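All of the numbers you see were taken from the coordinates with simple rules; none came from a lab. Note that the structure is a prediction, hence the values are computed from the model and not measured. Glycine also receives a Cβ, built like all others from the backbone with ideal geometry; neighbour counts cover every protein chain displayed.
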Amino acid sequence: MGATAAISTFAIGGVSSAMSENAAGKFNQIQAKHNARIADLQAEDAILRGRDDERLFRRQTDVLIGAQRTSLAAQGIEIDSGTALRIQEDTAALGELDALTIRNNARREAWGYQVQAGDQRLRGDIARAEGRNRAMSTLLGTGTGVISRSHGRDIFGRDRGRSTFSGADGIYAAGLVQPYSSAGRG
């Protein structure tokens with residue numbers, strides 16, 4: 001294979017790798033956005049379930065107060081004053097507190113999903129940027145490799161013939177170490 005064909009193959013491989021890295025970043029971003037959308041839907045569902053549960057609990061409290069009133073009235077107790085009234089007021093207050101707790105718990109659950117959605121979006125943006133950065137790095141490395149190969153030099157500007165190591169002779173020829181000489185020792 002000629003030098004031009006080898007350089008072309010090297011360049012095509014680098015471009016292909018860069019395209020794959022970029023595509024992987026895009027895919028990971030799409031996947032993260034999908035996960036974020038699911039978390040958004042879970043947050044909406046938590047709020048809706050919380051509203052339904054809160055309404056249901058308030059109805060149950062009203063039914064309980066009605067049952068208390070019926071029971072007290074059946075015993076001949078005045079239901080709109082004194083202890084009977086305080087029992088109903090306490091039941092209503094505790095019922096309201098529980099209903100507000102249900103609402104608060106639903107909002108906290110939704111908040112957790114919203115944080116998760118934000119995290120997924122951020123992860124997607126990071127994945128996309130990493131894919132672009134890896135692709136750019138690959139392209140730059142490929143470009144450097146193509147230039148050095150076309151000029152017969154390695155990436156450090158050395159003649160490629162000198163960068164091949166073959167035992168001790170190769171190390172000396174590359175100029176990495178000086179041969180040991182006892183002549184300089186006294």
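Placing +1 on the Cβ of every Lys and Arg and -1 on the Cβ of every Asp and Glu, with no other charges, gives the stretch 3-150 a dipole of roughly 1040 debye about its Cα centre.
Across the stretch 23-36, coupling constants 3J(HN,Hα) worked out from phi with the 6.51/-1.76/1.60 Karplus curve, θ = phi - 60°, read 5, 5, x, 4, 4, 4, 5, 4, 5, 5, 5, 4, 4, 5 Hz, and Gly and Pro carry x.
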